[in-house]
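What follows is one structure encoded as structure tokens, with my remarks underneath.
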Amino acid sequence: MELHDQRNLDIPAAAVNRPPRIGLVIPCYNEESVLPETTSRLLVLLDDMRARGVCSDDSAVFYVDDGSRDRTWALIDELSRQHPSICGIKLSRNRGHQNALLCGLMTAPGDALISVDADLQDDLDVIPKMVEAFSRGDDIVLGVRKRRDTDTFFKRFTAEGYYKLMASMKVDIVFNHADYRLMSRRALESLREYREVNLFLRGLVPLLGYRSSIVEYDRAERFAGESKYPLKKMLSFAWQGITSFSTYPLRLITTLGFVVSLASIALAAWALIIRFVPGETVPGWASTVIPTYFLGGVQLLSLGVIGEYVAKIYTETKARPRFHVDVVRGAAFARKRDEHVTGPFA
Ligand code: UDP
Ligand code: MG
């Protein structure tokens with residue numbers, strides 16, 4: 001049997017006593033400036049792991065080109081011809097980091113896949129530790145940032161505040177863990193069953209429930225190019241995480257409605273009393289106008305939040321495909337290479 005057919009069977013690598021086949025899945029959007037350096041570092045890492053028997057010879061890197069507008073795909077194509085350990089998956093258009101990552105995870109073969117960012121902000125040296133934890137039987141190994149010295153104060157403050165906010169809403173996410181993680185074939189196949197369109201992978205992974213562990217690392221600076229997550233995208237991603245995993249904002253509206261109703265009963269009582277107390281002046285416009293504006297604001301905000309959830313129902317019920325694969329390259333896809341690829345085929 002060919003090795004790459006192994007992934008369809010439920011036999012863990014450890015059971016057949018061979019080093020596991022590992023895939024490194026790397027979403028790339030306009031990353032031409034970092035790819036050559038990233039590739040050389042990853043090749044060194046793979047060689048080292050092979051030499052120590054940590055991973056199999058056919059372990060590979062899977063770049064997922066998320067509809068880049070620069071030379072990213074041309075580079076990946078070239079690299080895949082030069083190195084047998086480099087493979088490429090090209091999406092038909094830009095679908096965003098989470099979808100690109102999901103595409104890699106659903107498409108690349110391997111006993112376990114590790115997701116890493118193209119800019120190598122996540123320390124590669126912990127990859128062998130992740131694989132060792134996997135070989136000991138962990139299905140999920142999460143990379144957790146120990147320090148964030150390299151982040152700006154703003155980024156650190158908002159990111160850490162966000163993890164705390166999520167925790168206060170009882171959303172099960174791991175503090176300071178982003179998308180640097182290893183997942184076993186079993187965990188990946190379970191992830192495949194989650195069909196949601198509004199993806200927030202770091203919230204989904206804890207729901208799988210398999211045995212998991214943590215490795216800590218220090219986050220480095222992006223060594224070239226710019227962040228592909230400007231503030232606007234960041235905020236929308238944060239909101240996505242909240243609304244995909246918590247109905248807490250809706251409950252907050254109910255509480256708010258309750259409080260405002262109580263306040264208006266108190267106000268009505270006050271108005272009645274004042275009506276019958278002789279000598280008091282008739283209340284002026286301020287007491288009419290202020291509650292009107294206030295209530296108008298509260299109502300609009302509440303409608304907006306409810307609308308966000310309705311919009312989510314709208315996109316989820318349409319259940320459009322989350323990505324389309326355009327082209328694949330590399331030895332792992334040898335048989336698919338010249339076929340017309342129409343969708344996820346793992
Ligand atoms: N990325 C992507 N599609 C996008 C935006 C980003 O595939 O639409 C990739 C990007 O190439 C990188 C990873 O997602 O490999 C993380 O992006 P980035 O490093 O810019 O985010 P940051 O580290 O600043 O949060
Ligand atoms: Mg980055």
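Note on SER261 and TYR248: the extension gain reaches 2.7 nm, defined as 0.36 nm multiplied by sequence separation minus the Cα-Cα distance. Compared with the dominant Cα axis of the chain, that is its longest principal axis, helix 286-318 is turned about 30°.
Note down the relative contact order for region 57-144 as a percent, whole number, built from C-alpha pairs under 8 angstrom at least six residues apart. So the answer I get is 26 percent. Within the chain, antiparallel bridges make up roughly 35 percent of the DSSP beta bridges whose residues both belong there. Between the helical axis of 153-168 and the longest alpha-carbon principal axis of the chain there is an angle of about 80 degrees.
Computed from Cα atoms, the angle from the helix 231-245 axis to the main principal axis of the chain rounds to 80 degrees.
For the chain, the Kirkwood estimate of the hydrodynamic radius, built from every pair of different alpha carbons, is 22.7 Å. Which links in LYS164/LYS232; LYS232/LYS318; LYS90/LYS170; LYS164/LYS233 stretch past 29 Å when you go from one Cα to the other? Cα-Cα > 29 Å for LYS90/LYS170; rest within. Approximating the spin labels as points 7 Å out from Cα along Cα→Cβ, the VAL197-to-SER40 distance works out to 4.4 nm.
Amide H contacts of VAL25 (H built 1.01 Å from N, in plane; Pro and chain starts excluded): PHE62, ILE114, SER115, VAL116 sit under 5 Å, all sequence-distant by 5 or more or on other chains. Hey, with R₀ at 22 Å, roughly what FRET efficiency would ALA159 and ILE214 work out to, going by the Cβ-Cβ distance, to 0.05? The formula returns an efficiency of 0.80 here. For TYR180, TYR194, the sequence from fewest to most other C-beta atoms within 10 Å is TYR194, TYR180. Sorting PHE62, PHE223 by the number of Cβ atoms found within 10 Å of their own Cβ, with the fewest placed first, yields PHE223, PHE62.
Only helices enter the 222 nm calculation for the chain: every DSSP H run of n ≥ 4 contributes -39,500 (n - 2.57), and dividing by all residues gives -15000 deg cm²/dmol, rounded to 500. Restricting region 79-119 to trypsin sites (Lys or Arg not before Pro) that sit in a DSSP loop and have at most 12 other Cβ atoms within 10 Å of their own Cβ leaves ARG93. Between TYR314 and TRP270, the contour length at 0.36 nm per residue exceeds the Cα-Cα span by 11.4 nm. Going by neighbour counts of Cβ atoms within 10 Å, the residues MET49, MET106, MET169, MET183 line up, fewest first, as MET169, MET49, MET106, MET183. Relative to one another, the C-alpha centroids of region 308-323 and region 40-70 are positioned 34 Å apart. Across the chain, C-alpha contacts under 8 Å between residues 6 or more apart give a mean separation that, scaled by the residue count, equals a relative contact order of 22 percent.
Readers should treat all values here as calculations from the given coordinates under stated rules, not as data from a laboratory. Just so you know, these numbers come straight off a predicted model, no measurement behind them. Every residue, glycine as well, gets a Cβ built from its backbone with ideal geometry; the counts of neighbours run over all protein chains shown.
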